[in-house]
1. So if I check each of M229, M211, which one is within 10 Å of the ligand (Cβ to nearest atom) and in the same structural domain as I247 (by TED's automatic domain parsing)?
2. Within the group R258, R235, which residue is of a type in the set (K, R), within 25 Å of A139 (Cα to Cα) and open to solvent by 60 Å² or more (accessible area, probe 1.4 Å)?
3. Scan S69, S92, S52 and give me the residue that is in contact with a helix residue (DSSP H, G or I) (Cβ under 9 Å, 6 or more places away or on another chain), farther than 18 Å from A118 by Cβ and of a type in the set (S, T, Y).
4. Pairs please, first residue from region 193-218 and closer than 18 Å to R151 by Cβ and open to solvent by less than 90 Å² (accessible area, probe 1.4 Å), second anywhere and of a type in the set (K, R) and at pLDDT 95 or above, Cβ atoms under 6 Å, 6+ apart in sequence or on different chains.
5. Find the helices (runs of 4 or more DSSP H) located wholly in region 238-302 whose residues include 1 or more that are touching a residue at least 40 places away in the same chain (Cβ under 8 Å) and among the polar types (S, T, N, Q), and list them.
6. Report, by residue number, each residue of region 110-154 that is within 14 Å of the ligand (Cβ to nearest atom), under 14 Å from the mean Cα position of the chain (by Cα), open to solvent by less than 30 Å² (accessible area, probe 1.4 Å) and not aliphatic (A, V, I, L, M).
7. Quick check: anything in region 278-287 open to solvent by 10 Å² or more (accessible area, probe 1.4 Å) and closer than 21 Å to D178 by Cα?
8. Please go through region 72-91 and give me each residue that is surrounded by fewer than 19 Cβ atoms within 10 Å (Cβ to Cβ) and either in contact (Cβ under 8 Å) with a residue 40 or more places away in the chain or in the same structural domain as G196 (by TED's automatic domain parsing) (or both), ordered by number.
Amino acid sequence: MRAIITGIGHFVPEQRLTNADLEKMVDTNDEWITSRTGIKERRILEKDKGTSYMAVQAAKMILEQKHISADEIDLILLATITPDLMVPSAASIVQKELGANHCWGFDINGGCTGFLYALATGAQFIETGRHKKILVIGADKMSSILNYQDRNTCIIFGDGAGAALLEPSTDNDLGIHDFEMHLDGVGVQYLCVEAGGSLRPATHETVDKKMHFLYQDGKTVFKHAVIGMSDVSKRIVDKHHLSGKDIKLLIPHQANYRIIDAVAKKLDLAPEQIVINIEKYGNTTAGTIPIAMSEAYQQQRMKKGDWILLSAFGAGFTWGSMLLKWAMD
Ligand code: COA
């Protein structure tokens, strides 16, 4: 039995932070940001709301689309690196807000690969026959861990959430065919939030030293991301005796236009085969793939039976690729 995506939704906050806005905050400019990353603007969630707020909105879109009650959900998997609280999980808050009274669930910290980690995890619970309706959400309020005086990071990230509903397929050819996921702790030092965890709990010193903000060595992350995402994407396509022309859409993690371009070149994909929305939202971490998938669905860019390739790279380092046959009409 395969797991299929039967519902898809997303939410992005109203407030826009444009490159022109950032020019007033740090020493940067629209030309640099656009040419190096492809980003024009990002969305910023209100200060008094947490990641779970966006996750709930994305999930509600699916419940409305499918005309199902939250009580039918039996598992909530929430990929995020910016949970509302240290304890308990943001999944707990989502459960309560949705009123999903017959489920269990937890957060998954897989950085920018988080949504793929969560989809892969959810697929296992469907394939065993254990669960029937799993809500897989990717959501991050990156503005909550960004230093808006650090031009290396604040220009890249934004806030947003996306969600997918996983169910068992009755047609064995549709759904998630394969995935290949990786984790390599060599990346810890290059992309991290140094304080606030058990190693360095919050102190006045950690706050003064801005250690609760995201640190990134962009160049190193970039190099690993290009190689990691390109190689894993090519390997999974080759493994299934497919080529670039068999893939209807590549829905990649949206971190940098140049990284996506490298993956597309490796697979020999044409522009119309790639979903890119980075110019509107920047990097929403676990949110990028489900947001892009939801928008592509709304734009009717895939039809039942199309091969879809998902690919991501993020903090950890984490990276991976998933190959699925689209199951929605
Ligand atoms: N505006 C203007 N100049 C900037 C800048 C900004 N926002 N940020 C950095 N610069 C400067 C640097 O100081 C450097 O100047 P120097 O040559 O005088 O030292 C120059 O631009 C080049 O910086 P560099 O860091 O080498 O740029 P880059 O081409 O590697 O692009 C990133 C930087 C962050 C956009 C890029 O490395 C990247 O996308 N990395 C991966 C991001 C990512 O995927 N992160 C999430 C995990 S998925």
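The values are calculated or read from the model by the stated rules, or taken from the named source; none is laboratory data. As the structure is a prediction and not an experimental result, all values here were calculated from the model. Here the Cβ positions follow ideal geometry from the backbone for every residue, glycine too, while neighbour counts run over all protein chains shown. Protein only, heavy atoms only, side chains kept; ligands, DNA and RNA dropped before computing areas. Shrake-Rupley method; radii C 1.70, N 1.55, O 1.52, S 1.80 Å.
1. Of M229, M211, the one residue that is within 10 Å of the ligand (Cβ to nearest atom) and in the same structural domain as I247 (by TED's automatic domain parsing) is M229.
2. Selected residue: R258, the only one of R258, R235 that is of a type in the set (K, R), within 25 Å of A139 (Cα to Cα) and open to solvent by 60 Å² or more (accessible area, probe 1.4 Å).
3. S69
4. From region 193-218, no pairs qualify.
5. It comes to 288-298.
6. Residues satisfying the conditions are G110, G111, C112, T113, G114, F115, G138, D140.
7. First, pick out the residues of region 278-287 that are open to solvent by 10 Å² or more (accessible area, probe 1.4 Å): 279-281.
Keeping just the survivors that are closer than 21 Å to D178 by Cα gives none.
Checking region 278-287: not a single residue is open to solvent by 10 Å² or more (accessible area, probe 1.4 Å) and closer than 21 Å to D178 by Cα.
8. As a first pass, look at region 72-91 and keep what is surrounded by fewer than 19 Cβ atoms within 10 Å (Cβ to Cβ): 72, 74, 85-88.
If the condition is that a residue be surrounded by fewer than 19 Cβ atoms within 10 Å (Cβ to Cβ) and either in contact (Cβ under 8 Å) with a residue 40 or more places away in the chain or in the same structural domain as G196 (by TED's automatic domain parsing) (or both), then E72, D74, M86 are the ones that fit.
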